[in-house]
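Step one of this worksheet: look at the structure below.
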Amino acid sequence: MKIKPKVGVVSCSGECCSHGTLSRVATRLILEGVRPETVTLCLPLFLAGDSGEREFAQRFPTIPVDGCHKRCAKKAIEKYSGPTAADVDVEALLEEWGEEAPASRRVLSEADVELARRVAAEIARRIDWVQGERDA
Amino acid sequence: MTEKVLVIPCSGIGKPFGSIGRDATLRVVDELRPDKAETNCLSLLVMGDEEATRQVKGSVCIAVDGCPLECARKNIEMAGGKVAAHMRVMDLLRENRGLRPREVTFLDKDGEKLSAILADRIATKVDELTEGQR
């Protein structure tokens with residue numbers, strides 16, 4: 001029998017640039033439809049020391065979704081809960097795809113939302129890989 | 001002291017309140033008071049980024065929290081910053097009981113209204129704090 005492990009997705013807070021907005025929106029798209037069985041951890045709560053959030057990341061595979069190369073979400077999980085199962089760097093994806101970051105960090109255009117959907121698809125690929133890796 | 005007021009939202013991702021705080025903050029720093037206010041990543045701050053830490057320690061800070069757990073305030077304080085003003089979306093909801101925001105990813109009409117109200121309030125506070133610096 002195959003048992004798919006619960007997977008946690010953690011978006012960086014990403015207030016300083018529009019890459020962070022993409023990581024946040026892509027993470028929400030995962031929860032709202034792409035992989036609704038996924039759980040999201042609240043990074044600010046995790047950082048503030050919430051034991052529930054940190055324990056989840058210790059017990060279940062967790063995928064940080066970072067807006068930029070500074071990779072705060074990944075570093076935070078590794079520091080407080082252990083290794084991550086996979087990771088996403090939105091800035092690196094955009095570089096790979098030859099796409100510009102959204103012009104606004106508050107309001108996304110149609111094209112930006114499409115970009116967020118592409119990022120969500122990348123997150124979903126990693127979720128599937130993590131779940132496949134750990135099939136019982 | 002750096003000149004600009006540092007506005008840091010929690011950017012909570014599970015409920016609309018975090019999205020409202022984030023949206024209101026970005027309205028202030030990008031549209032309403034770009035010359036007087038700025039923001040930075042809460043996570044960068046807490047993870048000990050040198051530049052962010054210097055910025056938070058040298059600035060007047062406004063914490064914008066979505067829920068009663070007050071992660072923005074706590075994290076700013078953990079990073080060595082001083083919170084000069086604290087805005088809470090939950091307080092705003094109590095004052096505007098007719099508004100019921102439901103969407104997290106893209107704010108709905110009520111979420112947008114609350115964000116605009118909160119942004120005005122933050123902008124007013126930014127004005128007060130920058131006046132106080134003179």
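The values are calculated or read from the model by the stated rules, or taken from the named source; none is laboratory data. Just so we're clear, the structure is a prediction, and the values are computed from it rather than from any experiment. Neighbour counts run over all protein chains shown; Cβ positions are idealised from the backbone, glycine included.
Below are the figures for this structure:
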{"read-out": "Residue count, segment B:66-88 (criterion: of a type in the set (Gly, Ala, Ser), within 14 Å of chain A (Cβ to nearest Cβ) and either surrounded by fewer than 22 Cβ atoms within 10 Å (Cβ to Cβ) or out of contact with any helix residue (DSSP H, G or I) (no Cβ under 8 Å at 6 or more places or on another chain) (or both))", "value": "0"}
{"read-out": "Which numbered condition residue B:63 fails, given (1) touching a His at 6+ places or on another chain (Cβ under 7 Å); (2) more than 14 Å from chain A (Cβ to nearest Cβ); (3) not charged (D, E, K, R)", "value": "(2)"}
{"read-out": "Scan of segment A:33-44 for residues that are facing chain B (nearest Cβ under 9 Å) and out of contact with any Asp or Glu (no Cβ under 8 Å at 6 or more places or on another chain), ordered by number", "value": "A:40, A:43, A:44"}
{"read-out": "Set A:56, A:46: member being at pLDDT below 95, surrounded by fewer than 19 Cβ atoms within 10 Å (Cβ to Cβ) and assigned to a helix (DSSP H, G or I)", "value": "A:56"}
{"read-out": "Residue in segment A:96-112 that is part of a helix (DSSP H, G or I), more than 10 Å from chain B (Cβ to nearest Cβ) and within 18 Å of residue B:49 (Cβ to Cβ) present", "value": "no"}
{"read-out": "Residue within segment B:24-32 that is among the acidic types (Asp, Glu) and closer than 20 Å to residue B:119 by Cα present", "value": "yes"}
{"read-out": "Residue count for segment B:8-54, restricted to those that are of a type in the set (Gly, Ala, Ser) and surrounded by fewer than 19 Cβ atoms within 10 Å (Cβ to Cβ)", "value": "2"}
{"read-out": "Check on residue A:72, more than 18 Å from residue A:127 (Cα to Cα), touching a residue at least 60 places away in the same chain (Cβ under 8 Å) and in contact with a helix residue (DSSP H, G or I) (Cβ under 7 Å, 6 or more places away or on another chain)", "value": "yes"}
{"read-out": "Residues satisfying the stated conditions in segment A:60-90, i.e. at pLDDT 95 or above, assigned to a helix (DSSP H, G or I) and either of a type in the set (Ser, Thr, Tyr) or more than 21 Å from residue B:48 (Cα to Cα) (or both)", "value": "A:90"}
{"read-out": "Residue match in segment A:45-60 (condition: facing chain B (nearest Cβ under 10 Å) and within 11 Å of the chain's Cα centre (by Cα))", "value": "no"}
{"read-out": "Residue B:106, sole failed condition from (1) crowded, with 18+ Cβ neighbours inside 10 Å; (2) within 12 Å of another protein chain (Cβ to nearest Cβ); (3) within 23 Å of residue A:109 (Cα to Cα); (4) in contact with a Leu (Cβ under 9 Å, 6 or more places away or on another chain)", "value": "(1)"}
{"read-out": "Matching residues, segment A:16-32, being modelled with pLDDT under 95 and more than 10 Å from chain B (Cβ to nearest Cβ)", "value": "none"}
{"read-out": "The one condition in (1) in contact with an Asp or Glu (Cβ under 7 Å, 6 or more places away or on another chain); (2) within 30 Å of residue A:114 (Cα to Cα) that residue B:88 fails to fulfil", "value": "(2)"}
